[in-house]
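Undergrad: My questions will all concern the structure given below.
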Amino acid sequence: MAKVINFLEHFQEVILGVESDLVKSRYENFDQLKRYCYQVASVVGLICLQIFGYKDPQAKQYAADLGLAMQLTNIARDVQEDLEYGRIYLPQEEIVRFGYSEAELQAGVVNEAFIELMRFQAQRAREYFKSGFQLLPYLSLRSRACPAVLGQLYQKVLEGIENANYDVLSHRVSLSTGQKLRLTAKTWMGS
């Protein structure tokens, strides 16, 4: 019964996270953003973990971290697209700390302050990937491929953001179909 209750709580968290997109367009600090990311991404990992099965409770933290890493990558990649919807997921405190402004963001200014802000976001996502990929040994061999592939695809997008010198305002970083297929096949076979 406890598993069923957890499962339902997880789905309620996802709904709350998605609902917040309807009413919240800014996040004051990383704690607020992390809560949102937990609701829309980490909880999805926890739901999958219930389906895949696990024995060690530490797997839950790694699953949550992998979801967080992927959502942080989404946020970094989609800065321009989110702006078009009136949303800024980059924490307001951090925008200010790096000497950037919302007005510059709205104007599409890519300067040293923006690059440093985005470098910081990418490094944070990398740390969560590092933790999140520790999930894989906790899963059965049959269950590893899905989170391994998804994690690698998102990590490759993050690498693309870094290779574009963090300029996510003038173009959207994405993987080609060929890149996705090659990486999926390689990761699937390796896991």
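The values are calculated or read from the model by the stated rules, or taken from the named source; none is laboratory data. Note that this is a predicted model, so its numbers are computed, not measured. Cβ sites come from the backbone with ideal geometry, for glycine too, and all protein chains shown count toward neighbours. Please note that ligands, DNA and RNA were not included when accessible areas were found on the heavy atoms of the full protein model with its side chains. Shrake-Rupley method; radii C 1.70, N 1.55, O 1.52, S 1.80 Å.
Undergrad: Where in the chain are the helices, taken as whole DSSP H runs, whose Cα atoms extend 24 angstrom or more along the long axis and whose Kyte-Doolittle mean reaches at least 0.5? If you can, show how the numbers build up before the last one.
TA: Numbers: long enough: 2-23 (32 Å, 0.70); 58-77 (29 Å, -0.08); 112-132 (29 Å, -0.64); 141-163 (33 Å, -0.03).
Flagged H segments are 2-23.
Undergrad: Please compute the alpha carbon radius of gyration of the chain, then divide it by the globular-protein estimate 2.2 N^0.38 Å. Two decimals is fine.
TA: Dividing the Cα radius of gyration by 2.2 N^0.38 Å gives 1.06.
Undergrad: Distance from the Cα centre of the range 72-110 to that of the range 130-181, in angstrom?
TA: 21
Undergrad: Based on alpha-carbon atoms only, what is the radius of gyration of the range 119-191 relative to the globular estimate 2.2 N^0.38 Å?
TA: Numbers: Rg = 13.4 Å, N = 73, 2.2 N^0.38 = 11.2 Å.
So the Cα radius of gyration is 1.19 times the expected 2.2 N^0.38 Å.
Undergrad: Given a 1.4 angstrom probe, what's the average accessible area per residue across the chain, in square angstrom? Walk me through the intermediate numbers first.
TA: Working: 10180 Å² over 191 residues.
Averaged over the residues of the chain, the accessible area is 53 Å².
Undergrad: Carbon and sulfur: what percent of the chain's accessible surface (1.4 Å probe)? If you can, show how the numbers build up before the last one.
TA: Working: 5670 of 10180 Å².
After summing per-atom areas, the C and S share lands at 56 percent.
Undergrad: Using a Förster radius of 22 Å, what is the FRET efficiency between Val18 and Val96 based on their Cβ-Cβ separation? Nearest 0.05, please.
TA: Values: r = 28 Å, r/R0 = 1.26.
Efficiency computed from Cβ-Cβ geometry: 0.20.
Undergrad: Continuing with this model, one more query. Taking square-rooted eigenvalues a ≥ b ≥ c of the alpha carbon gyration tensor, is the range 50-112 rounded, prolate or oblate, where a/c under 1.5 means rounded and, failing that, a/b exceeding b/c means prolate?
TA: Values: a/c = 4.11, a/b = 2.58, b/c = 1.59.
Taking the square roots of the gyration eigenvalues as a ≥ b ≥ c, the range 50-112 is prolate.
Undergrad: I need the calculated FRET efficiency for the pair Phe11 and Gln32, taking r as the beta carbon distance and R₀ as 22 Å, to the nearest 0.05. Don't skip to the end; give the middle numbers.
TA: Numbers: r = 22 Å, r/R0 = 0.99.
Result of the calculation: an efficiency of 0.50.
Undergrad: If you count, for each residue, the other Cβ atoms within 10 Å and average over each peptide, how do 69-81, 46-58 line up from highest to lowest?
TA: 69-81, 46-58
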